[in-house]
Amino acid sequence: MAKRKKRAYQKRKTTKKFNLQYLNLKIFFLILVVFLFSGISGYIFYKIGFDKGYEKASLIAKSKIEAIKNEENRALQKHLKEYMSEIKDYKQNVYKEIKEKKEIEQKVFVTKPKLAIIIDDVAFYYQVKELKSLDFPINPSLFPPSNRHPNTPKYAKEFKFYMVHLPLEAKNFSSAEAQTLLTTSTYNEIEDRIKYIKKWFPEVKYLNNHTGSAFTADKEAMKRLITVLRKYGLKFIDSRTTALTKVEVVEKEFGEKYLARDVFLDNEQNIDYIKGQLKKAVKIAKKRGYAIAIGHPHPKTIEALRKSKDILKEVKLVYIDELDIKH
């Protein structure tokens, strides 16, 4: 009996011990679970907070970096702008130098002969229109205004370049223009005439004679005229209406360039004849380097000029002031 009680006591004791151990184990696992849950939760919350903090810090850092970059870009752009201004200055100078070099080369190396075509007796607007319709340089020479043609100063403004056709005394001519200068005209009379011409035609630089076979053959008359022309900055072109002209002798005495007609284009109103005269002018230009031809605003002359592009392609058509003529 005593043994049975002892075994029962020991069994209860063992069960109680086992139950205690089991309870302790459950508590341990519960604590472990709580610890793990706390740890995992803490890590998750930490990670979330860290990521948000990192993202915020990144945004702040990026904005600062962007600000620095913008400042650097502004500084760089300013520098580049200043640098580009130097480049622009350099390029402008280079282009100007190249242009000047080309102009010099053209002056030195272009050997194409020059031909200046003067059209005398321009007095009416229909003539102005015809001359302007030609697609190459022509030197129109306009009469001074008179009762017969009062609007020539106005017509002169239609042209890029023009001359004045100065009426001078002829040996044999029955239809003299008004206020034609005579061999007996005094210095003051000549100056009065030229002064008005300069007033009417302020841009004029060159004059050539209308008729003038008597005047240009008179050395003293030509001296008076050239003296006045020099005073007003004007040049004289000898239309060579006489073989006895003294213009060249007088021009040399004054140290001026002698400019004179080489060919009359339209002594005959015939297209083939006019084209033949143009060929003569081109031949002279090719031989000497330049030539001056004189024609008139007749319909046949204008038509012949239009039909002579094949002849004129051998020369460079120029205004009188483009001729390089040595004294």
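The values are calculated or read from the model by the stated rules, or taken from the named source; none is laboratory data. Keep in mind it's a predicted model, so treat the numbers as computed, not measured. Positions of Cβ are backbone-derived with ideal geometry, glycine not excepted, and every protein chain shown enters the neighbour counts.
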Index of the failed condition, Gly233 passing every other in (1) at positive phi; (2) crowded, with 22+ Cβ neighbours inside 10 Å; (3) small (Gly, Ala, Ser): (2)
Residue within the stretch 243-251 that is over 34 Å from the mean Cα position of the chain (by Cα), assigned to a strand (DSSP E or B) and within 24 Å of Glu169 (Cα to Cα) present: no
Hey, Val228 within 24 Å of Thr184 (Cβ to Cβ) and surrounded by 16 or more Cβ atoms within 10 Å (Cβ to Cβ) or not: yes
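Which is under 32 Å from the mean Cα position of the chain (by Cα), crowded, with 20+ Cβ neighbours inside 10 Å and either hydroxyl-bearing (Ser, Thr, Tyr) or more than 30 Å from Arg193 (Cα to Cα) (or both), of Leu317, Leu278, Leu305, Leu312? Spell out the reasoning first.
On the way: Leu317 fails: crowded, with 20+ Cβ neighbours inside 10 Å; Leu278 fails: under 32 Å from the mean Cα position of the chain (by Cα); Leu312 fails: crowded, with 20+ Cβ neighbours inside 10 Å.
The conditions single out Leu305.
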In the stretch 284-324, the residues that are in a loop (DSSP other than H, G, I, E, B) and over 20 Å from Lys160 (Cβ atoms): Gly289, His296, His298, Lys307, Ser308, Lys313, Glu314
Scan of the stretch 174-192 for residues that are of a type outside the set (Val, Ile, Thr) and free of Cβ contacts under 8 Å to residues at least 40 places away in the same chain, ordered by number: Ser174, Ser175, Ala176, Glu177, Ala178, Gln179, Leu182, Ser185, Asn188, Glu189, Asp192
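Can you go through Asp262, Asp324 and tell me which one is modelled with pLDDT under 95, under 26 Å from Thr111 (Cβ atoms) and touching a strand residue (DSSP E or B) at 6+ places or on another chain (Cβ under 8 Å)? Even if it seems obvious, please write down each step before you answer.
Details: Asp262 fails: modelled with pLDDT under 95.
The unique qualifying residue is Asp324.
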Cβ-Cβ under 7 Å pairs, at least 6 apart or on other chains, the stretch 113-130 side over 15 Å from Pro153 (Cα atoms), far side in a helix (DSSP H, G or I) and not aliphatic (A, V, I, L, M): Pro113/Lys286; Lys114/Glu322
Count of the stretch 146-172 residues which are crowded, with 16+ Cβ neighbours inside 10 Å and either outside the structural domain of Leu312 (by TED's automatic domain parsing) or more than 26 Å from Leu305 (Cβ to Cβ) (or both): 3
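Would you please name the residue that is surrounded by the fewest Cβ atoms within 10 Å (Cβ to Cβ), looking only at residues in the stretch 212-225 that are under 43 Å from the mean Cα position of the chain (by Cα) and not β-branched (Val, Ile, Thr)? I'd like the intermediate steps shown before the answer.
Start the filter on the stretch 212-225 by keeping residues that are under 43 Å from the mean Cα position of the chain (by Cα), which leaves 212, 216, 222-225.
In the following step, the residues that additionally are not β-branched (Val, Ile, Thr) were identified as 212, 222-225.
Details: Gly212: 30, Met222: 27, Lys223: 16, Arg224: 20, Leu225: 29.
Here the residue is Lys223.
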